[in-house]
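Student: Attaching a single structure in structure tokens format; questions to follow.
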Amino acid sequence: MTTHESDTRTLLEVPRVRRGDGVGGMLAFRRDQLSFLRRGIDRYGDVFRFRLVGMEMVLVNQPDLIRQVLVERTDRYNKGAALFEIVRPVLGDGLIVSDGELWHRQRRMMAPTFTMRTVPRFVRTMTTETQRMVDGWRDRTDADGPVDVSTEIGRVALRIVTQSLFSADVAATIPAFERAFATANTVMGAFFRFPFPPLKVPTPGHRRLLRATTAMDEFVSGFIEARLAKDAGAEEDADLLTLLMHAVDEEDGTKMDLKQLHDEVLNLCIAAFETTTNTLAWAFYLLARHPEVERTLHAEVDEVLAGRVPAFDDIPRLTYTRMVIDEVLRIYSPAYQTMRHASVDDELGGYRIPAGTNVLINSYFLHRHQDFWPEPEEFRPERFGPDQAGDRPRHAYLPFGSGPRICIGKHFALVELVLVLATVARTHRLVAPEGAAEVRPDPLITLHPHGGVHLYPVARR
Ligand code: HEM
């Protein structure tokens with residue numbers, strides 16, 4: 001085992017959650033993960049540890065320490081953590097879970113598709129698909145009941161990613177993918193609360209997960225096989241699928257095998273689908289509850305777009321729209337938790353972190369940290385105004401992660417989120433049914449709006 005120099009000083013033990021301290025044990029974590037962690041932070045502060053079915057977890061909720069884990073010490077912290085072991089049976093060796101040389105090679109290959117220079121190519125798909133959803137609301141009446149916003153936005157998000165990156169028209173198979181993903185998210189969320197070694201014990205949960213994984217695999221295979229049969233098409237309009245199919249390893253001259261290609265495509269579909277869907281569902285939910293924010297948003301959209309569907313060049317002037325998105329990503333950060341596995345003994349903030357520890361980073365709490373976010377439960381886009389960042393540390397806000405494993409789709413997502421929101425706001429308000437109950441967050445693998453978001457579309461013009 002390697003030991004780092006810093007370990008030679010006297011290090012403190014990370015405070016451990018104890019019986020009778022009011023935080024609760026594994027059952028409390030299972031019942032309500034967010035309340036358990038809240039009590040742990042209130043009792044022990046920004047760093048504490050607990051055990052989950054024999055695994056050592058250390059929650060780290062301090063920006064400087066998070067920066068060390070995600071950015072500065074990537075040689076000591078990898079993705080072999082419990083959370084990624086749970087999702088590995090679904091995600092295979094794709095970019096989200098892979099490590100080392102494989103990850104480096106794949107990330108290098110895919111990065112050029114996701115730069116700010118490339119993303120404008122996808123704008124038309126983003127606005128066309130959103131407008132198609134909005135047009136579908138034209139003949140609705142109140143008697144039709146509210147729209148299931150999560151489901152409708154989910155379809156738009158999935159069509160955007162599959163068309164933009166893989167030129168695939170998946171309309172017919174979307175419902176099967178959605179159902180499979182919802183099952184996988186629920187089962188894997190439950191595994192995280194009670195982590196049996198995935199798939200080693202064939203529980204009913206494992207069997208449901210296997211069926212869901214097969215369905216998602218079939219969704220992806222459907223359009224990969226169709227493309228393979230046609231071959232890749234002209235280089236100049238090559239999409240990401242063409243690029244991945246033809247990429248050659250600089251070192252050994254080999255091409256990516258079919259399994260790796262499949263895993264990468266599935267990783268991108270999953271990563272892009274639920275995160276953007278949840279962000280937009282939460283955005284419309286919050287706007288429906290905050291008319292003053294909604295009015296400011298509409299004023300900006302009306303002024304900047306003057307009735308047009310937004311284009312890429314409008315984005316720099318849609319500043320308040322972007323602030324709304326940033327604030328939604330703070331309150332309901334969809335990828336709200338990540339984890340790293342300490343591959344060697346280390347120290348963080350003077351605490352001893354033994355090799356094998358799972359370091360848990362939870363942006364639901366980081367984004368509510370009292371030191372950086374006054375009145376954190378308030379929905380206040382003004383926090384993200386040009387003069388508001390002030391001395392807030394960069395790592396107090398991490399909706400897309402940080403360091404080399406930062407979300408590869410960050411620019412894609414931010415452009416999409418602003419454009420979808422502006423396209424809808426241009427013509428519609430989404431209004432909550434009379435007496436609608438609060439929607440609470442469901443901490444699955446992503447932070448899902450429990451029961452979905454149901455709102456009435458009301459035409460503005
Ligand atoms: C609101 C939208 C999104 C959010 C909040 C989000 C969040 C994140 C976060 C926090 C990570 C880092 C996880 C970690 O460090 O363990 C990540 C990684 C990743 N995201 Fe996103 N994401 C979003 C949209 C997208 C989109 C649109 C795509 C692709 C089109 C995408 C593809 C990926 C991939 C492939 C990774 C793994 C990157 C790597 O490890 O190299 N994401 N995302």
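The values are calculated or read from the model by the stated rules, or taken from the named source; none is laboratory data. Quantities reported herein were computed from a predicted structural model and do not represent experimental measurements. FYI the Cβ positions are ideal-geometry reconstructions off the backbone, even for glycines, and counts take in every protein chain you see. Ligands, DNA and RNA are excluded from the accessible area calculation, which covers all protein heavy atoms including side chains. Shrake-Rupley method; radii C 1.70, N 1.55, O 1.52, S 1.80 Å.
Student: Please indicate, with yes or no, whether at least one residue in segment 99-108 is surrounded by 18 or more Cβ atoms within 10 Å (Cβ to Cβ), of a type in the set (Gly, Ala, Ser), closer than 30 Å to Leu244 by Cβ and in the same structural domain as Val248 (by TED's automatic domain parsing).
Tutor: No: zero hits.
Student: Determine whether Pro443 is of a type outside the set (A, V, I, L, M, F, W, C) and buried (at least 18 other Cβ atoms within 10 Å of the Cβ).
Tutor: yes
Student: State which residue pairs qualify: first residue closer than 23 Å to Met256 by Cα and inside segment 105-128, second residue near the ligand (Cβ under 10 Å from one of its atoms) and in a helix (DSSP H, G or I) in any location, beta carbons under 6 Å apart, and separation of 6 or more residues or different chains.
Tutor: Hits for this filter: Thr113/Leu240; Phe114/Phe412.
Student: On to the next question. Has segment 322-344 got any residue that is small (Gly, Ala, Ser), under 15 Å from the mean Cα position of the chain (by Cα) and open to solvent by 10 Å² or more (accessible area, probe 1.4 Å)?
Tutor: Yes: segment 322-344 contains one or more residues that are small (Gly, Ala, Ser), under 15 Å from the mean Cα position of the chain (by Cα) and open to solvent by 10 Å² or more (accessible area, probe 1.4 Å).
Student: What tally of residues in segment 382-409 results from selecting those that are surrounded by 15 or more Cβ atoms within 10 Å (Cβ to Cβ) and within 16 Å of the ligand (Cβ to nearest atom)?
Tutor: Number satisfying all stated conditions: 14.
Student: When you go through (1) part of a loop (DSSP other than H, G, I, E, B); (2) within 16 Å of the ligand (Cβ to nearest atom) one by one for Asp139, which number turns out not to apply?
Tutor: (2)
Student: Working only within segment 94-125, note down all residues that are part of a loop (DSSP other than H, G, I, E, B), away from the ligand (no atom under 12 Å from the Cβ) and over 17 Å from Val161 (Cβ atoms).
Tutor: Met116, Arg117
Student: Residue by residue through segment 126-136, note down the ones that are within 24 Å of Pro316 (Cα to Cα) and more than 12 Å from the ligand (Cβ to nearest atom). I'd like the intermediate steps shown before the answer.
Tutor: Just the residues of segment 126-136 that are within 24 Å of Pro316 (Cα to Cα), to begin with: 126-131, 134.
Within segment 126-136, Thr127, Thr128, Glu129, Thr130, Gln131, Val134 qualify.
Student: Please name all residue pairs, on different chains or six or more residues apart, with Cβ atoms under 6 Å, provided the first residue is in segment 75-100 and is acidic (Asp, Glu) and the second residue is open to solvent by 10 Å² or more (accessible area, probe 1.4 Å) and within 8 Å of the ligand (Cβ to nearest atom).
Tutor: These pairs meet every condition: Asp99/Lys79.
Student: How many residues are open to solvent by less than 10 Å² (accessible area, probe 1.4 Å) and within 16 Å of the ligand (Cβ to nearest atom) when one looks only at segment 142-155? First the steps, then the outcome.
Tutor: Filtering segment 142-155 down to residues open to solvent by less than 10 Å² (accessible area, probe 1.4 Å) leaves 147, 149, 153-154.
Still in the running and within 16 Å of the ligand (Cβ to nearest atom): 149, 153-154.
Summing the residues that are open to solvent by less than 10 Å² (accessible area, probe 1.4 Å) and within 16 Å of the ligand (Cβ to nearest atom) in segment 142-155 gives 3.
Student: Out of Asp42, Asp135, Asp64, Asp32, which single residue is open to solvent by 60 Å² or more (accessible area, probe 1.4 Å) and farther than 30 Å from Pro393 by Cβ?
Tutor: Asp135
Student: Quick check: is even one residue across segment 352-374 within 9 Å of the ligand (Cβ to nearest atom), open to solvent by less than 30 Å² (accessible area, probe 1.4 Å), in a strand (DSSP E or B) and not hydroxyl-bearing (Ser, Thr, Tyr)?
Tutor: There is at least one residue in segment 352-374 that is within 9 Å of the ligand (Cβ to nearest atom), open to solvent by less than 30 Å² (accessible area, probe 1.4 Å), in a strand (DSSP E or B) and not hydroxyl-bearing (Ser, Thr, Tyr).
Student: Starting from segment 260-272, keep only residues that are farther than 13 Å from Ile408 by Cβ, then list their pairs with residues that are more than 6 Å from the ligand (Cβ to nearest atom) and open to solvent by 20 Å² or more (accessible area, probe 1.4 Å) whose Cβ atoms are within a distance under 8 Å, requiring at least 6 positions of separation or different chains.
Tutor: Short answer, once both residue conditions are applied: Gln260/Asp93; Leu261/Met245; His262/Asp217; His262/Ser221; Asp263/Asp93; Leu266/Asp217.
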